[in-house]
Amino acid sequence: MRAAVITFPGSNCDRDLAVALAAVLGRPTERVWHGETVLPKVDLVAVPGGFSYGDYLRCGAIASRSPIMAAVRRHAGSGGYLLGICNGFQVLTEAGLLPGALIRNASLKFVCRHVRVRVETGASPFTGGYAPGAELSLPVAHHDGNYVIDPDGLVRLEDEGRVAFRYLDNPNGSLNDIAGVLSVNKRVLGMMPHPERAIEPALGSSDGRALFDSLLEELV
């Protein structure tokens, strides 16, 4: 399995994500600057957290129109695996690769702490290593993590088993406590918690590692 991490101006979790992927995959992670127009030949494209373009307009809005995103859309459209974490989740919704949107936290405050998250489905390449209903401890760090979607879209997500993770102690006001959602083919995942910051006990939790191990198992 080969992976690439996109970096935008203002990304600040790109190295964390690249290091986590390299640790799990046992090979270096490709790094791609937002101004490129071609992706290397990889199985997984990962869009990291941070404050792309300073979060101007809306979080992820400008990044979703960066030159590299045309290639990211083609990658997803051809069945490639795509992971967006925190600001990366915002980018993927702004790009139309996942439904819904991320708006200001209900508290209007930046939230930075570990939260409890429940795995809602094991039927995806990202969550196959977890038992449905498993409770995880994962860090969040965001000001705009409040997930919203129209009523019909919410029904589809729930009915199609596309809610990947749900907060047990909702830090931001997200509808139905949603912490992560999947695409129709379940090969695209967007989530606000940071699994890359929870891959070993020294980081306070190793609960995020199974997400990357699941992908590796899927692709070997």
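Derivation of every value follows stated rules applied to the coordinates shown; laboratory data play no part. Please read these numbers as outputs of a predicted model, since none were measured by experiment. Ideal geometry is used to build each Cβ from the backbone, glycine not excepted, and the neighbour counts take in all protein chains shown.
Okay, which of the stretch 160-186 sit inside 17 Å, backbone N to the point 7 Å along the Cα-Cβ direction of ARG58?
Residues 174-175, 181 qualify, since their backbone N sits under 17 Å from the label point.
Let me know the Rg and Dmax you get for the stretch 79-187 when you use only its Cα atoms, in Å.
13.0, 37
Could you sort 34-42, 61-69 so that the peptide with the highest average Cβ count within 10 Å comes first and the rest follow in order? Mind dumping the intermediate values first?
Working: 34-42: 13.4, 61-69: 19.7.
Listed from highest to lowest mean packing, they are 61-69, 34-42.
Using a Gaussian network model of the chain with C-alpha springs under 10 Å, which one of PRO201, PRO193, PRO171 is most mobile by mean-square fluctuation?
PRO201
Between the stretch 66-121 and the stretch 149-180, how far is it from one alpha carbon centroid to the other, in angstrom?
Each part reduced to its Cα centre gives a spacing of 13 Å.
What label, among (i) 8, 33, 39, 16, 3, 0; (ii) 9, 39, 40, 12, 0; (iii) 7, 25, 30, 23, 13, 2, belongs to P(r) over Cα pairs in 10 Å bins from 0, in percent computed from the structure on display?
(ii)
Let a ≥ b ≥ c be the square roots of the eigenvalues of the Cα gyration tensor of the stretch 129-220; is it rounded (a/c under 1.5), or, if not, prolate (a/b larger than b/c) or oblate? Could the numbers behind the result be given before it?
Details: a/c = 2.13, a/b = 1.26, b/c = 1.69.
Taking the square roots of the gyration eigenvalues as a ≥ b ≥ c, the stretch 129-220 is oblate.
Taking 8 Å as the Cα distance limit and 6 or more residues as the minimum spacing, I'd like the relative contact order of the chain as a percentage.
For the chain, the relative contact order is 20 percent.
What does the helix-only formula give at 222 nm for the chain: each DSSP H stretch with n ≥ 4 adding -39500 (n - 2.57), the total divided by the residues, and the result rounded to the nearest 500 deg cm²/dmol? Please report the intermediate quantities before stating the final value.
On the way: 5 runs with 50 residues, N = 220.
So the helix-based figure for the chain works out to -6500 deg cm²/dmol.
Could you give the nm distance between label points at ARG104 and ARG2, where each point is 7 Å from its Cα heading toward the beta carbon?
Label at ARG104, label at ARG2, 4.4 nm between them.
Where is the GNM fluctuation largest for the chain (alpha-carbon springs, 10 angstrom cutoff): CYS59, CYS13, CYS112?
CYS112
Across bins of 10 angstrom width beginning at 0, how are the C-alpha pair distances of the stretch 19-79 distributed, in whole percent?
Going out from 0 Å in 10 Å bins, the stretch 19-79 shows 19, 47, 30, 3 percent.
Once you've got the GNM for the chain with C-alpha springs shorter than 10 Å, pick whichever of ASP14, ASP169, ASP152 has the biggest mean-square fluctuation.
Maximum among the listed residues: ASP152.
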